[in-house]
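See structure below.
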Amino acid sequence: MIDQRAQIRAACLDFADRLADILVLPVLEKPGEVTLDTIVRESSRFFGIDPCILFSSERQSHVVEARHIVMYIMRELLKWSYPELARNWGCDHTTVLAACRKINAILKDPANPRYQGTKRSVDTITERV
């Protein structure tokens, strides 16, 4: 338990270092402008997961699913390249590519048992940002 807390704390510090200019410093957003900050903030609220956990290496299924959905939304709304997204997530671009392909495949197949929940998540977060 203590080791897990230390890992989460380290992930939070790493997250803060990588995204301090976006999440800690004041961001001047134009009305209606979609930013990384707004996507992370609204996704965290929707899933009830701290941004530090979203950006951590946590492997619990609900965190992984949320992370994949957030990566997909960022790709769709920000139109960033996979390497740009990967730099913000602290991972390889193929990780982001795989996450986006996975969510895209779910959304293209209404027969998929995860279709309804995934579509609702993507639609709700997209509306909020």
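We did not get these values from a lab; they are worked out from the coordinates using the rules stated. What you are looking at is a predicted structure, and each value in this text was computed from that prediction instead of being measured. So basically every Cβ, Gly included, is an ideal-geometry build from the backbone, and we count neighbours across all protein chains shown.
A few remarks follow.
- All alpha carbon pair distances within region 52-129 were sorted into 10 Å bins beginning at 0; the resulting P(r) in whole percents reads 19, 53, 27, 1.
- Relative contact order %, region 43-129, counting alpha carbon pairs below 8 Å whose residues are six or more apart: 25
- Cβ crowding within 10 Å averaged over residues, with 34-47, 100-113 ranked highest first: 34-47, 100-113
- Remark: spin-label model distance residue 35-residue 77 equals 1.3 nm, labels positioned 7 Å along the Cα→Cβ axis.
- Over all orientations, region 25-94 has a Cα convex hull whose mean projected area works out to 5.0 square nanometres.
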